[in-house]
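The values are calculated or read from the model by the stated rules, or taken from the named source; none is laboratory data. Since the model is a prediction, treat every value here as computed from it, not as a measurement. Every residue, glycine among them, receives a Cβ derived from its backbone with ideal geometry; neighbour counts consider all protein chains shown.
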Amino acid sequence: MTVISLEYGVEGCWEGEIERDRLLVHHAGPMPLTDSPAAIRASLSSPIDFSPVKQAVVPGDRVVLALDRDVPSSAEIIAELCAMMIAGDILPENLLILQPASLTGVRPSDPRQLLPEAIRNEVVWKVHDPTVKDGVCYLASSAGGERIYLAREVVEADFLIPISRLGYDSLQGRRHVMGMFYPGLSNTEAFTKSLGQGHSELGPDDDRPLRQLVTELPWLLGIQFAMQVLPSGRRGGAAQILAGQPEAITARGTTVLDDHWRLRGDERGETVLLSIPSISGEPTGWEQLGAALDAARSLVESEGRIVVLSDLALPTGPGAPSTPGIDILRSYRSPREALKPLRKAAPPDLLAASQIARATDWASVFLLSRLDSEFVEELSMTPLQNDREVTRLISQCESCIVFDGAQHIRAELADD
C-alpha cells in the first residue's frame with residue numbers, strides 16, 4: 001500500500017492508502033522551501049545576470065513592486081525587498097506595492113503583514129482599478145500596432161520590479177514575468193480583448209497573440225530586474241525563488257517549471273484524485289478549480305471519475321466578484337449545452353466555466369467543497385460532504401492517478 005497525504009484549501013488534509021498496483025501516477029510537486037526568507041535574500045544578493053538589486057536604486061527613487069496575485073510566499077518577498085530598499089535609503093513612502101485587477105478574483109490579502117509595524121502603513125499598497133479615470137496612461141504601441149495603456153504608477157516609476165508566479169496559462173501558454181501587466185494593470189478595453197476560453201489545442205510554447213504582446217513590455221518599460229516564484233505542491237510556500245534580468249529568469253523559469261510541473265502520462269486512469277491547496281491563504285477560487293479539472297481531464301478515462309479536494313465557497317461581502325459564467329453553466333441541463341451560450345455571452349469567468357463544462361462532460365466529477373450541495377449538483381457535479389466519502393470513492397477505483405497542487409500541473413497524454 002502507498003500512503004497518500006494531500007493538503008487542500010487553507011487547512012484541509014486528506015490521508016489514505018492506495019494499493020501500489022492501482023496507483024498509476026502520484027505527481028506530488030516540489031516541497032516548500034524550509035527557510036524562504038533566507039532563499040529570498042540569497043536570490044536578491046546574487047541575481048541571475050544582474051548586479052545585486054540594492055545597487056540599482058538611488059535615494060529618492062520611486063520604487064514600484066508589481067506583485068501578481070497568488071504568488072507563494074508573497075508577504076516574505078515583500079518584507080525582504082522593502083528591508084533591502086530602505087537599507088539603501090529609499091523612503092518607505094516612496095515604496096508602492098501594486099497588484100493587478102481581476103474580474104473574477106476576490107480582493108487579495110494585504111501583502112504588508114510582515115513589515116515592521118513602524119513602517120507598515122507608510123509603504124503604500126494598492127490594487128489597480130481599470131475603471132478609474134486617468135488611472136492609466138499611454139505607454140507605446142506594440143509591434144502589432146496595438147496601443148498599450150498601463151497603470152500610471154507603472155509608467156511613472158523610477159524603478160519597477162515585477163514579482164510573478166511561474167505557471168502554465170491557458171491564454172499565454174506560460175505565465176510570463178510580465179503577464180500580470182496586461183490586462184491586469186491596463187484598462188477595461190484590455191480586459192475585454194483578453195477574454196477567451198484559452199487554447200487547449202496549443203502547447204505551452206506555441207505562439208499566442210497575448211504572450212507576444214507581454215514579451216515586449218520589459219523593453220518598452222525598461223525593466224532591468226524581475227522575480228518569479230515556483231509554487232510547491234503543498235500549501236502556501238514557495239519551492240524556488242528566481243530573481244534577475246527578465247530574459248534570463250524567463251529562460252531559467254521555463255526549465256524549472258517543466259521539471260517540476262509538466263507531466264506526460266503513459267495511460268489514462270479510471271480515477272483522478274486531485275488536491276487544490278491554497279497559495280496565498282485564500283480559499284479555492286473558480287480559476288483554480290477550472291485549471292485543476294483541465295489537468296485531470298487530460299489523463300482521466302472518458303466517463304471515468306475526477307475527485308476534487310477543495311474548500312471552494314461562494315465569495316461574499318463587499319467587492320465579491322460575480323460569476324455569470326458559472327451561473328450560465330448552472331442554468332443548463334448538461335455541460336455540453338452550456339458551451340455555446342458561454343462563448344456567446346463571453347463573461348469574465350468564461351475560461352473557468354468552460355474548463356468546468358468540458359471536464360464534467362468528459363467524466364464524473366465529485367467535489368469536496370464548502371458549496372451548497374444543490375449548487376454543486378446544478379454544475380453537473382456530485383457533492384462530497386467529508387474526507388470519509390473521498391476515502392470510500394478511492395477504495396472502489398480500478399486505477400488511480402493522484403495530483404498534489406493540481407492547479408499548477410500541465411498534464412499531457414504521451415500518445416498525444
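Candidates VAL177, VAL214: the one that is within 23 Å of ARG262 (Cβ to Cβ), in the same structural domain as THR250 (by TED's automatic domain parsing), in contact (Cβ under 8 Å) with a residue 40 or more places away in the chain and touching a Ser or Thr at 6+ places or on another chain (Cβ under 7 Å) is VAL177. The set of residues from region 65-118 being among the polar types (S, T, N, Q) and either crowded, with 23+ Cβ neighbours inside 10 Å or not assigned by TED's automatic domain parsing to the domain that holds GLN55 (or both) comprises SER73, SER74, GLN99. The set of residues in region 270-294 being closer than 15 Å to CYS400 by Cβ and crowded, with 24+ Cβ neighbours inside 10 Å consists of THR271, VAL272, LEU273, LEU274, SER275. Annotation note: of GLU287, GLU303, the sole residue that is on the phi > 0 side of the Ramachandran plot and either assigned by TED's automatic domain parsing to the domain that holds ILE356 or not in a strand (DSSP E or B) (or both) is GLU303. Among residues of region 68-107 being among the β-branched types (Val, Ile, Thr) and part of a helix (DSSP H, G or I), the one that is modelled with the lowest pLDDT is ILE86.
For beta carbons closer than 9 Å, sequence separation of 6+ or different chains, a first residue in region 276-302 that is farther than 19 Å from GLU7 by Cα and a second that is surrounded by 24 or more Cβ atoms within 10 Å (Cβ to Cβ) and among the aromatic types (Phe, Trp, Tyr), the qualifying pairs are LEU299/PHE403.
Scanning region 375-388 for residues that are under 24 Å from ALA357 (Cβ atoms) and not in a loop (DSSP other than H, G, I, E, B) yields PHE375, VAL376, GLU377, GLU378, THR382, PRO383, LEU384.
Can you find a residue that is at pLDDT below 95 and out of contact with any helix residue (DSSP H, G or I) (no Cβ under 9 Å at 6 or more places or on another chain) anywhere in region 263-270? Yes, region 263-270 contains a residue that is at pLDDT below 95 and out of contact with any helix residue (DSSP H, G or I) (no Cβ under 9 Å at 6 or more places or on another chain). Of everything listed in (1) among the hydroxyl-bearing types (Ser, Thr, Tyr); (2) touching a Pro at 6+ places or on another chain (Cβ under 8 Å); (3) free of Cβ contacts under 8 Å to residues at least 12 places away in the same chain, the single unmet condition for THR188 is (3).
Note on region 108-134: residues that are within 29 Å of GLU247 (Cα to Cα), out of contact with any Leu (no Cβ under 7 Å at 6 or more places or on another chain) and either assigned to a strand (DSSP E or B) or in contact (Cβ under 8 Å) with a residue 40 or more places away in the chain (or both) amount to 4. Among residues of region 355-371 that are in contact (Cβ under 8 Å) with a residue 40 or more places away in the chain and within 17 Å of ASP387 (Cβ to Cβ), those with a beta-carbon under 6 Å from a residue that is acidic (Asp, Glu) and surrounded by fewer than 24 Cβ atoms within 10 Å (Cβ to Cβ) at least six positions away or on a different chain give the pairs ARG370/ASP311. Here ILE328 meets each of (1) touching a residue at least 12 places away in the same chain (Cβ under 8 Å); (2) surrounded by fewer than 24 Cβ atoms within 10 Å (Cβ to Cβ); (3) under 22 Å from VAL272 (Cβ atoms); (4) among the β-branched types (Val, Ile, Thr) with one exception, condition (3).
Inspect all residues belonging to region 83-93 and state whether any of them is touching a Ser or Thr at 6+ places or on another chain (Cβ under 6 Å) and more than 26 Å from PHE403 (Cα to Cα). No, that holds for no residue. Entry remark, region 147-159: residues being touching a residue at least 40 places away in the same chain (Cβ under 8 Å) and surrounded by fewer than 16 Cβ atoms within 10 Å (Cβ to Cβ) number 2 in total.
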